[in-house]
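Notes follow the structure.
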Amino acid sequence: VFFYFQNITNNKEDIMARISQETIEEVRAVPILDLAIALGDNPKRTGKQYQVFCPNPNHSENTPDTYIEPNKNIFNCFGGGGCGAKGNDSLRYYGWHEHGEYENKLFVKCVKGVAETMGITIKYDDGSVEGSKKPKKKYKPREIFNETPAQSDKVVDQVYRAFLSLCPIKENHARELLMERKYQKDEVMSIQLRSVPTMQEWIPILRTLRNKKYPLEFVPGFSQRFIPDGYETPFPVELMQRDDERKGYWVFVPSASAGYFIPVRNEFGHIVRLRVRRDTGSPKYIWFSSYDNSRTEENILKVRRKGASSGAPVNVVPPVSLIPNWEVGTDLCDYFKTDVVIATEGEHKSYISAKLLKLVLLGAPGVGNFKEILPIIQRWEVKKFIIAYDMDALNRKDDSEKEVKKQKTIFEKLKEFALEVHKLGIDVYLWTWNISDAKGLDDLLLATKTPVEVNLRTGDKKLVNLKELHNVA
Ligand SMILES: [Zn+2]
């Protein structure tokens with residue numbers, strides 16, 4: 001009895017009137033995006049997502065790397081590998097925003113905070129009401145749709161190969177690839193590096209793909225846009241799909257413009273996704289990705305349908321000379337020795353390093369993004385796994401609190417990554433070098449400098465002997 005009593009008296013909320021279920025429902029129904037706007041976080045739209053600076057006051061970033069996805073009503077921080085700020089309702093967003101965390105003990109505070117921010121009147125079970133000074137806005141739960149997944153890797157591969165073979169290679173891109181990045185002509189062809197077509201160039205490509213019956217729906221990067229009757233369009237009627245109800249036409253368009261494509265392969269040699277190196281704008285590298293907002297977007301001119309998200313898969317990069325004879329559908333480990341594998345970030349970096357080291361590289365964005373790498377290296381029976389991310393990702397710019405914190409987060413992710421690899425019974429090493437010698441592994445190798453290898457289990461360091469790299473016990 002005493003215990004029970006103590007429990008009640010310790011919990012103030014239980015003695016005071018409870019917030020009504022009606023109010024809790026109304027607060028929960030506030031979309032995260034609406035709350036972020038009301039809190040002054042200034043979300044910027046990028047495709048189907050919105051970017052904001054991390055709501056966690058303990059996490060400062062240089063770029064807005066927290067994503068809000070209104071269709072799913074979720075938010076997730078990816079800055080510096082992610083600080084843990086994420087959730088699927090406005091209460092969690094509010095908790096991270098105001099308290100740098102979300103826990104059950106913050107529930108009442110967050111309900112009240114969201115209500116206050118959004119101008120929702122709080123009703124209590126005993127009938128009392130806590131008014132809001134702001135004008136009241138009634139929120140109804142938003143319908144959450146599941147995304148249609150992309151087509152299978154096999155279909156996507158067939159569509160991308162056909163598409164890339166029809167894309168031009170523009171002079172400025174050829175110059176960059178051959179002169180600056182030192183690719184050979186046949187390497188550009190093997191990798192299938194191609195320029196993004198202009199809208200005029202896209203029309204005959206679309207015609208060919210349609211004639212050959214390649215499906216563009218739910219292939220990441222392609223989606224249909226709507227052209228109302230009376231709008232001027234370069235597309236001939238036979239390449240469009242009539243919509244009598246909406247009075248207009250649907251036509252497939254690529255989501256990229258001005259830049260070139262870099263194919264991303266899976267371990268079976270399928271071209272599963274495309275990266276785009278953009279001529280202008282930031283960031284320079286983006287995914288060729290599309291979306292379907294036809295159920296949520298009210299402005300018909302902004303509707304894109306039958307698109308699919310690229311996600312961010314691992315890029316499997318063998319030495320480029322192997323690509324022409326790598327039969328699509330064959331696991332790379334059945335074709336090439338995968339005893340030693342290197343993980344890094346960046347497409348050109350991976351291709352150039354794989355070629356110079358005659359090893360397989362796995363490209364994944366950021367050290368925190370390793371989950372997809374694990375099943376691949378396990379199946380390949382990798383013996384030695386090397387982590388070789390850019391030195392500017394591991395080093396801190398200065399001794400400011402922010403930089404120290406950022407570096408700590410990255411090292412924690414790195415430790416986690418190494419531990420997971422170690423658990424698979426694979427020896428794991430970190431390659432480091434002097435940042436003044438090179439930023440990335442490719443530049444270091446091109447400068448014929450050698451990385452220092454750190455055994456992450458023992459802490460032993462030694463200079464890498466590139467000639468002995470392939471000999472593992
Ligand atoms: Zn964060």
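The values are calculated or read from the model by the stated rules, or taken from the named source; none is laboratory data. Here the structure is a predicted model, which is why all the values come from computation and not from measurement. Heads up, the Cβs are rebuilt from the backbone with ideal geometry, glycines too, and the neighbour counts pull from every protein chain shown. Protein only, heavy atoms only, side chains kept; ligands, DNA and RNA dropped before computing areas. Shrake-Rupley method; radii C 1.70, N 1.55, O 1.52, S 1.80 Å.
Amide H contacts for SER310 (H built 1.01 Å from N in the peptide plane; partners 5 or more residues away or on another chain; cut-off under 5 Å): SER290. The mean sequence separation of alpha-carbon pairs under 8 Å and at least six residues apart, normalised by the residue count of segment 297-451, gives a relative contact order of 23 percent. Which pairs in the list LYS48/LYS371; LYS349/LYS461; LYS185/LYS371 are over 27 Å apart, alpha-carbon to alpha-carbon? Result: LYS185/LYS371 exceed 27 Å. Packing-based ranking of 156-165, 208-217 yields 156-165, 208-217, ordered from highest to lowest mean Cβ neighbour count within 10 Å.
Dipole orientation for segment 434-473: of the candidates VAL464, THR448, SER436, VAL464 has the Cα lying most toward the positive pole (charges on Cβ; Lys, Arg +1; Asp, Glu -1).
Karplus-derived 3J(HN,Hα) values for segment 18-28, using 6.51 cos²θ - 1.76 cosθ + 1.60 with θ = phi - 60°, are 7, 5, 5, 4, 4, 5, 4, 4, 5, 5, 4 Hz; glycine and proline are entered as x. Between amide H atoms placed 1.01 Å from N, distances below 5 Å from ARG273 occur with VAL264, all of them 5 or more places distant or on a separate chain. When only Cα pairs below 8 angstrom with a gap of at least 6 residues are kept, the chain shows a relative contact order of 10 percent. The charge dipole of segment 413-452, taken about the Cα centre with unit charges on the Cβ atoms of Lys, Arg (+1) and Asp, Glu (-1), comes to about 120 debye, rounded to the nearest 20. Here the Karplus relation 6.51 cos²θ - 1.76 cosθ + 1.60, evaluated at θ = phi - 60°, turns the backbone of segment 423-440 into coupling constants of 4, 7, x, 10, 5, 10, 10, 10, 9, 10, 7, 6, 5, 6, 6, 5, 7, x Hz, with x for every Gly and Pro. Based on the alpha-carbon gyration tensor of segment 387-433 and its eigenvalue square roots a ≥ b ≥ c, which shape applies: rounded if a/c is under 1.5, prolate if not and a/b is larger than b/c, or oblate? The shape class here is oblate. Remark: relative contact order (segment 222-359) = 22 percent; criterion is Cα-Cα distance under 8 angstrom and separation of 6 or more residues.
Sites listed here are chymotrypsin sites (Phe, Trp or Tyr not before Pro) in segment 390-473 whose DSSP assignment is loop and whose Cβ has at most 11 other Cβ atoms within 10 Å, and the list is empty. For the chain, the solvent-accessible area with a 1.4 angstrom probe is 52 square angstrom per residue. Put simply, when 108-115, 354-361, 434-441 are sorted by average Cβ atoms within 10 angstrom per residue, most first, you get 354-361, 108-115, 434-441.
Prolate is the label for segment 34-184. Its Cα gyration tensor axes, ordered a ≥ b ≥ c, give a/c of at least 1.5 and a/b above b/c. Protection proxy ranking for 232-239, 400-407, using the average of other Cβ atoms within 10 Å per residue and placing the highest first: 400-407, 232-239. From the residues MET240, LEU216, THR280, which one has its Cα farthest along the dipole of segment 201-288 in the positive direction, the dipole being from +1 and -1 charges on Cβ of Lys/Arg and Asp/Glu about the Cα centre? Final value for the positive-end residue is THR280. Taking every DSSP helix (H) stretch of at least 4 residues in the chain, weighting each as -39,500 (n - 2.57) and dividing the sum by the residue count yields a mean residue ellipticity at 222 nm of -8500 deg cm²/dmol. Taking the Cα centre of the chain as reference, the dipole from Cβ charges on Lys and Arg (+1) and Asp and Glu (-1) amounts to some 560 debye.
Shown for the chain: the carbon plus sulfur share of the solvent-accessible area, taken with all protein chains present and a 1.4 angstrom probe, equals 50%. What shape does the chain have by the C-alpha gyration tensor, where a ≥ b ≥ c are the square roots of the eigenvalues, rounded means a/c under 1.5, and otherwise prolate means a/b greater than b/c and oblate the rest? Oblate shape, in that a/c is at least 1.5 and b/c is the bigger or equal ratio. Among the chymotrypsin sites (Phe, Trp or Tyr not before Pro) found in segment 226-299, those both in a DSSP coil and sparsely packed, with 15 or fewer other Cβ atoms within 10 Å of their Cβ, are TYR231. About its Cα centre, the dipole of segment 327-473 is roughly 300 debye, where the only charges are +1 on Lys and Arg Cβ and -1 on Asp and Glu Cβ.
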